[in-house]
1. Please give the charge dipole size of the chain, origin at the Cα centre, charges +1 on K and R Cβ atoms and -1 on D and E Cβ atoms. Round to the nearest 20 debye.
2. When the helices in the chain are scored as -39500 (n - 2.57) per DSSP H run of 4 or longer and the sum is shared across all residues, what 222 nm value do you end up with, to the nearest 500 deg cm²/dmol?
3. What residue among 86, 30, 59 has its Cα farthest toward the positive end of the dipole of the range 3-100, where the charges are +1 on Lys, Arg and -1 on Asp, Glu, each on the Cβ?
4. Considering lysine pairs in the chain that are 8 or more places apart or on different chains, how many have Cα atoms under 25 Å apart?
5. Helix 3-71: angle to the longest alpha-carbon principal axis of the chain, degrees 0 to 90, nearest 10?
6. For the residue pair residue 95 and residue 69, what label-to-label distance in nm results when each label sits 7 Å from Cα along the Cα-to-beta-carbon direction?
7. So, counting K/R as plus one and D/E as minus one, what does the shell of residues with Cβ under 15 Å around residue 90 add up to?
8. How much of the pair distance distribution for the chain lies past 21 Å, counting alpha-carbon pairs only, in percent?
Amino acid sequence: MTTDDSILLETFRYRLNDLIRAYNKTREEFESYRQKAAEELQQKDLEIGTLKEQLAEIQGKYASLQVARSIAGGEGDAESTREMLNGLVREIDKCIALLNS
C-alpha cells in the first residue's frame, strides 16, 4: 500500500467516524423529540377529556335552564313546553323500561 492510499484510507476512516457520530447524535435528538411529542400528546388527551366533561356538564345545565324557562312561562308558549315535558317523560319511561329489563 502506498502512502497516498494510506492517507486516503485514514481520511475515509476519519470521515466515516464523523458520520457515525453525527448519526448517533441525530438519532438521540430524534428520540428525545419523539418522547416529548408523546408526553405532550398524552397531556393534550387529558385536557380534551377534561374539556369534554365540562362541555357535558354545561350542556346539562343549559338543558335544565331551558326546561326551567319553559315551565316558568318564559320565552316559549304552552305548546312547546308541553312537547318538551312529553319528551322528557318519554326519556324517563325508556330509562325505567331499561332498568326493569
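1. Values: 14 positive and 19 negative charges, 26 e Å.
The calculated dipole for the chain is roughly 120 debye.
2. Values: 2 runs with 92 residues, N = 101.
Result for the chain: -34000 deg cm²/dmol, rounded to the nearest 500.
3. 86
4. Working: 25/36; 36/44; 36/52; 44/52; 52/61; 61/94.
Count of close lysine pairs: 6.
5. Approximately 10 degrees, to the nearest ten.
6. My value for the distance between the label points is 2.3 nm.
7. With Lys, Arg at +1 and Asp, Glu at -1, the net is -1.
8. Details: 3561 of 5050 pairs.
In whole percent, the share of Cα-Cα pairs in the chain beyond 21 Å is 71.
Here, each number is a calculation from the coordinates, and none is a lab measurement. Keep in mind it's a predicted model, so treat the numbers as computed, not measured. We place every Cβ from the backbone using ideal geometry, glycine too, and count neighbours over all the protein chains shown.
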